[in-house]
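I have a structure here, written as structure tokens, and I will follow up with some questions on it.
The values are calculated or read from the model by the stated rules, or taken from the named source; none is laboratory data. Model, not experiment: these values are computed from the prediction. Note that we place each Cβ from the backbone using ideal geometry, even for glycine, and neighbour counts take in every protein chain shown. Quick note on the areas: whole protein, heavy atoms, side chains included, nothing else; ligands and nucleic acids left out. Shrake-Rupley method; radii C 1.70, N 1.55, O 1.52, S 1.80 Å.
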Amino acid sequence: MSVEITERKQSAEGEARCPGAPTTQEIIAADRVAAPGWVRSESYQYLGDEDISTDRYIEPQYARMEMERLWTRTWQFACREEHIPEVGDYYVYDIGPYSLIVTRVAKNEIRAYYNACLHRGTKLRASGTLGNASEFKCSFHGWSWNVDGSNRTVVCPWDFPHVDRKKFSLPQARVELLGGFVFINMDPDAPTLSEYLGPAAKAHIDAWKLEDRYVYLHVSKRLPANWKLAVEAFLEAYHVIQTHPQVAVSNGDANSQYDIYGEHVNRFISTLGVLSPHLYGKHTEQDILEQFTLGDSGSVTGTKRTLDDGRTAREVMAGMFRGMFEKATNTDLSKVSDSELLDCFSYTVFPSLFLFPGISLPMVYRFRPDPKDHRACIYEVLFLRPVPVDGKRPEPAEPVHLRDEQSFKEAEGMDPGFGAILDQDTDNLFLQQEGIEASAKRGLTLGNYQEIRVRHFERSVEKYVAMPPKRPDWERSRKR
Amino acid sequence: MGAFEEALTGNLPDHCPDHRAVEGSFARVLPAAELPPGAKKAVEIAGKEVLLCHTIDRLFAVSNICSHAQEKLECGRMSKGWIACPVHGARFELATGRAMNPPAKQPIATYPLRVVDGWIEVQVQA
């Protein structure tokens, strides 16, 4: 039976749900190992049904406004704490023309310095790099700064009687830590990260304890679409039946759950190990079991998947995955629910960060505009694994930078099935970018429920772009 | 006369001159036990400044001098397969010497390394 959503009569705007299918919460409630509270809650809100104007994806002027208004005011994932474990370790985070040296200045203190010499402006470290420094020395004339940001050297100080070295400390952006992630914000007036996330979303993130995971795979690739189109390609499961038909057999796509939290966080929960409502009557539980796709399948590939009498594919997969993943990665998952093991939890922290706190699908995504082309963006996918129970934290994976024409399957360490999914997602993007530019219609039309995260995301974009420009302030950022 | 010079100047047996010539060019520089994973040590071999690096899983011998501004690399951060210059931040691939990021463009020298009888031996052409 194919599900025709349009046949259903809506009782109120945004209240329609996939007919004839269990809800996400009903599926999860039947699991053997029960899910925690952050899974078993709902927070949908109807936000209107107007089209989303498309000038934002194609106009260079819009991209410029985003850079001056949005990116200079929002909290952004810069790096993981494990990227800079020792004092003096640094990681250069770049966003558009802006660049920050994220540095551990003490065991429990991390700062983000604007990456420019205060003499004639040369970057103190090249973009996209990391290392360790006892001082940040400019490669042009040799002015240098201590790791704590204070000025260390002015070469030929007799020629600079007008420079007060005490006032020539490196200016800083704000830094906050959460779940092992280092966040930065260039706006001195921005809310704290906790306020920015809101209490509900913050409680979810706290519960995941992502600080106890490490980066075991990191892949980046340039995508031929505006950064917002790339973000939106990952905000719903509505596309699964058409874009990823191989996944739909084991994915509750049309009955996924969508939630929004405040202005900066939203999520979906998309259950796995269950048949897509689009395919009801066309597949058996054995089909579901055999076609189950895992993001982190390295520990369970090659295993014969057998369905015992009376057990569901979801139940069998949860048990199988729990045992084999624990063994392969030396971790304890005995208290982790079936849902957390299997399901796809996709959260976004506006504007650029996706967090997937599940175990089978343990990704982090980051999207940043290509600073030289508003019709392109930089996409990164990181896989996080629990730190082994012996407590020894592996070094974070080195990034694999794919060329434009390469498949995600070519990245060493990437699960081939998951790489194929990412290829399918990203292969749509250049067609969408070009189609929007070619279209006689100047707006995107969104579903009320399944595409609420797209609307929620774009509302925040519009909010920030409507603000006045805000460039980093030398005086105020020096006083941090 | 050090081990390296001895190896270069020692008389080769007539029956296997080529083999001995390659083998003999390795200099014995450090007990392997003195360079645990995560450690680096700067040594001088035949007048060249060489940095021995033990990453999490492999030993390397590379030039200790950054190709960008001739600073010493020995205090730089070493991670999976690379070392970063502590002064201006250039990074080099330990296996090949390739410059991974600005401000360096040129590679650094790399040297064959082996462990024999618990000793790290490095081959540096004079």
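Report those strands (runs of 3 or more DSSP E) wholly inside region B:45-98 carrying at least 1 residues which are out of contact with any Ser or Thr (no Cβ under 7 Å at 6 or more places or on another chain), within 9 Å of chain A (Cβ to nearest Cβ) and free of Cβ contacts under 8 Å to residues at least 24 places away in the same chain.
It comes to B:82-84.
Between a residue in region A:220-248 that is surrounded by fewer than 19 Cβ atoms within 10 Å (Cβ to Cβ) and any residue that is charged (D, E, K, R), which pairs come within a Cβ distance under 7 Å, given they are 6 or more apart or on different chains?
Going by the 7 Å Cβ cut-off, the qualifying pairs are A:SER220/A:GLU380; A:ARG222/A:ASP370; A:ARG222/A:ASP404; A:THR243/A:ASP425.
Just one of (1) of a type in the set (Val, Ile, Thr); (2) at pLDDT 95 or above; (3) open to solvent by 20 Å² or more (accessible area, probe 1.4 Å); (4) out of contact with any His (no Cβ under 9 Å at 6 or more places or on another chain) trips up A:THR284, so point out which.
It is condition (2) that A:THR284 fails.
Now for a separate question. Tell me which residues, restricted to region A:444-480, are acidic (Asp, Glu), part of a loop (DSSP other than H, G, I, E, B) and under 25 Å from the mean Cα position of the chain (by Cα).
Within region A:444-480, A:GLU451 is the sole residue that qualifies.
Any chance region A:159-168 includes a residue that's away from every other protein chain (no Cβ under 14 Å), on the phi < 0 side of the Ramachandran plot, open to solvent by less than 30 Å² (accessible area, probe 1.4 Å) and not basic (Lys, Arg)?
Yes: region A:159-168 contains one or more residues that are away from every other protein chain (no Cβ under 14 Å), on the phi < 0 side of the Ramachandran plot, open to solvent by less than 30 Å² (accessible area, probe 1.4 Å) and not basic (Lys, Arg).
Follow-up. Collect the residues in region A:33-57 that are surrounded by 18 or more Cβ atoms within 10 Å (Cβ to Cβ) and either in a helix (DSSP H, G or I) or within 14 Å of chain B (Cβ to nearest Cβ) (or both), keeping them in residue-number order.
A:ARG56, A:TYR57
From the list A:PRO394, A:PRO369, A:PRO416, exactly one residue is open to solvent by less than 50 Å² (accessible area, probe 1.4 Å) and at pLDDT below 95. Which is it?
After applying the criteria, what remains is A:PRO394.
From the list A:LYS441, A:LYS409, which one is part of a helix (DSSP H, G or I), open to solvent by 40 Å² or more (accessible area, probe 1.4 Å) and not aromatic (Phe, Trp, Tyr)?
One residue alone meets the criteria, A:LYS409.
Given the criteria closer than 30 Å to A:VAL154 by Cβ and either of a type outside the set (Ser, Thr, Tyr) or at pLDDT 95 or above (or both), does A:TYR62 qualify?
Against the criterion (closer than 30 Å to A:VAL154 by Cβ and either of a type outside the set (Ser, Thr, Tyr) or at pLDDT 95 or above (or both)), A:TYR62 does not qualify.
Working only within region A:88-106, note down all residues that are open to solvent by 10 Å² or more (accessible area, probe 1.4 Å) and under 19 Å from the mean Cα position of the chain (by Cα).
Listed by number, the residues that qualify are A:TYR91, A:ASP94, A:GLY96.
So how many residues does region B:99-111 have that are open to solvent by 30 Å² or more (accessible area, probe 1.4 Å) and either in contact (Cβ under 8 Å) with a residue 40 or more places away in the chain or more than 11 Å from every other protein chain (Cβ to nearest Cβ) (or both)?
Residues that pass the stated criteria total 6.
Could I ask something else about it? Are any residues in region B:66-96 of a type outside the set (S, T, N, Q) and surrounded by fewer than 20 Cβ atoms within 10 Å (Cβ to Cβ), and if so, which ones?
B:ALA69, B:GLU71, B:LYS72, B:GLU74, B:CYS75, B:LYS80, B:GLY81, B:GLU93, B:ALA95
Being β-branched (Val, Ile, Thr) and within 8 Å of another protein chain (Cβ to nearest Cβ) is the filter here, so list the residues in region A:113-140 that pass it.
A:THR129
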